[in-house]
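Notes for the one structure printed next.
The values are calculated or read from the model by the stated rules, or taken from the named source; none is laboratory data. Nothing here was measured: the structure is a model prediction, and the numbers come from that model. Neighbour counts are summed over all protein chains in view; Cβ atoms, including those assigned to glycine, are modelled from backbone coordinates with ideal geometry.
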Amino acid sequence: MRTVFLIIAVGLLGSCLLAAITTDALAQQQSVVDSLHNLSATGTGAVRAVSEEQVCIFCHAPHNSTPLRPLWNRAMPIDGYAIYTSRALDAEPGQPTGMSKMCLSCHDGTIALGAVNSRPQEITMSGGVHMIPVGPGRLGTDLRDDHPISFLYDSTLAANDPKLVDPALLPHDVMLDSNGELQCSSCHDAHNNQFGKFLVMDNTSSQLCVTCHRMGSTTIDEHQSCSACHTPHSAPSGPYLLRGGTIADTCLSCHDGSVVGGANILAQINKPSNHETFSMVDPEAPLENHASCTDCHDPHTMTSVATLAPDVHGNFGLVDGVNASGSPVTVAQFEFEVCLRCHGDVNPVQPWIPRVVNQNNTRLEFETSAISFHPIQAPGRNSDVPSLKPGMSESDIIRCSDCHGSNGSGGMSGSGPSGLHGSVHSPLLVANYATGDFTNESAQAYALCYSCHDRNSILQDESFDYHKKHIVDEKTSCSVCHDAHGIASLQGSDEANSHLINFDTSIVFPDPSTNRIEFRDLGYRSGECYLTCHNERHGAEQRYPDD
């Protein structure tokens, strides 16, 4: 019985010793002594004192310290910081306070590392180092490119911004100060570097970031790490905290063909007609004079599924938009709602071709109340379009991306990435659409039109007796008579603008007798024109147009 008891006792003692050793090793790992914050002569980092052996003195002192808690031993920097600001931020950061200001007494580079309150003389640092060296740890006094600090983070703020977690739900590791403000110490523990960068918790899979930020979920592996695109300090993009100088620079660090399996978008936006201005603008600012990746994509919620909403591809993500009536929607349900976010009421687009009826609001051109329109929002008004290719019908609805997008993409039997990134065909068309006068008709010249309208049907005049005469004999482009988008209801009329008729005024001129440039719809496949084209007068001549 004693033998058994002895074995148990020795076993318990061994367990206690092992626990003590493990605890001691963990404590040492978590100690400031073995971290870069040990600026004493015994420190292992490149920045350390010549002879000073005290470790804590660079920040704390039991005597002759400042009145600040906790026994603070350094002067506090003056209030002269450029403060983080963004329209996307509902909080209002002020000058740094509390623990953040203490951190900045070293990290802004304005106060000497060895300047401590308890010593009459500055502690001498090795290598002639005076201030914190230039590098990742030196933030400077311009904090506009750093994660915001010293702002009230409360339930009201979280309620105003659904992408923020209510602070009541924050884990114990992420602490606000006694005033409820987020400080440097909310993310960093100056005494513990077990997770690297003095973080309060492991952030390998963005665990620390998502304790506060609720950005949604994505099935794209490369998009699941915040650090792949963002950096919390000294961000080249400024307040957007992106690793690149602009949104595009950040995205293209992967989407430049260098990452296996990643779409080579750089090759697309280097084409003459593209959807990228490489500008860095406030995401909440008016969408004018710029275009960038996040205008169409939400990288935090992108998926690989074909359809995320009724008519939005998963690679758009849960992006906002503008609906057919012009009202903003939080999550676009249709592809055209994403397009109308820019190409509608807020950012009028100069017409590509001058016409009798000019319109710079694309939303009005595609409204279901428009005189005639390509069927983006609803089936077209013409129930008789014999030129449509087999498999297509008058009840079909098409997408903006059926005509606009990257040429050579998978959607056009190519091998490149799909999407509205860049094309050799202006304005950002998936295939060639010749609009110049005296164009020789060919399958390539009007490849865009012929992707839906059967070429043989057009040339055999199945829908208009003079199609072949116009586009083959007279070398007149489809665009001379037809306006590809549509004619808004308040500008056109059923008589003058049915069948997408809206003449190109750089080629078509007034009839000298009547001074009119006009088409008149006279009923089923019947009409007449008043105009001059190629020096030939058209006065009350019968015409039979097709959509």
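Some notes on this structure:
- Residues of region 204-254 satisfying the condition of being exposed (fewer than 15 other Cβ atoms within 10 Å of the Cβ) and β-branched (V, I, T): T204, V210, T219
- Residue ID - modelled with the lowest pLDDT, chosen from residues in region 268-315 that are crowded, with 16+ Cβ neighbours inside 10 Å and of a type in the set (G, A, S): A309
- Residue, modelled with the lowest pLDDT, within region 58-82, restricted to residues that are buried (at least 18 other Cβ atoms within 10 Å of the Cβ) and in a loop (DSSP other than H, G, I, E, B): S65
- Residue count, region 357-369 (criterion: surrounded by fewer than 22 Cβ atoms within 10 Å (Cβ to Cβ) and in a loop (DSSP other than H, G, I, E, B)): 7
- Some residue of region 143-155 being surrounded by fewer than 14 Cβ atoms within 10 Å (Cβ to Cβ) and either hydroxyl-bearing (S, T, Y) or modelled with pLDDT of 95 or more (or both): yes
- Pairs with Cβ under 7 Å, 6+ apart, first in region 141-158 and in the same structural domain as L104 (by TED's automatic domain parsing), second charged (D, E, K, R) and surrounded by fewer than 16 Cβ atoms within 10 Å (Cβ to Cβ): F151/E92; S155/D166; L157/D90; A158/D166
- Within region 455-479, considering residues that are under 22 Å from G405 (Cβ atoms) and of a type outside the set (S, T, Y), the one surrounded by the fewest Cβ atoms within 10 Å (Cβ to Cβ): R455
- Lone qualifier among G262, G314 - being touching a Ser or Thr at 6+ places or on another chain (Cβ under 9 Å) and small (G, A, S): G314
- Subset of region 179-203 that is farther than 11 Å from C103 by Cβ and of a type in the set (A, V, I, L, M) - its residue that is surrounded by the most Cβ atoms within 10 Å (Cβ to Cβ): L182
- Single unsatisfied condition, V480 versus (1) over 39 Å from the mean Cα position of the chain (by Cα); (2) not in a loop (DSSP other than H, G, I, E, B): (1)
- Residues satisfying the stated conditions in region 488-504, i.e. farther than 22 Å from P386 by Cβ and either aliphatic (A, V, I, L, M) or surrounded by fewer than 16 Cβ atoms within 10 Å (Cβ to Cβ) (or both): A488, L490, S493, E495, A496
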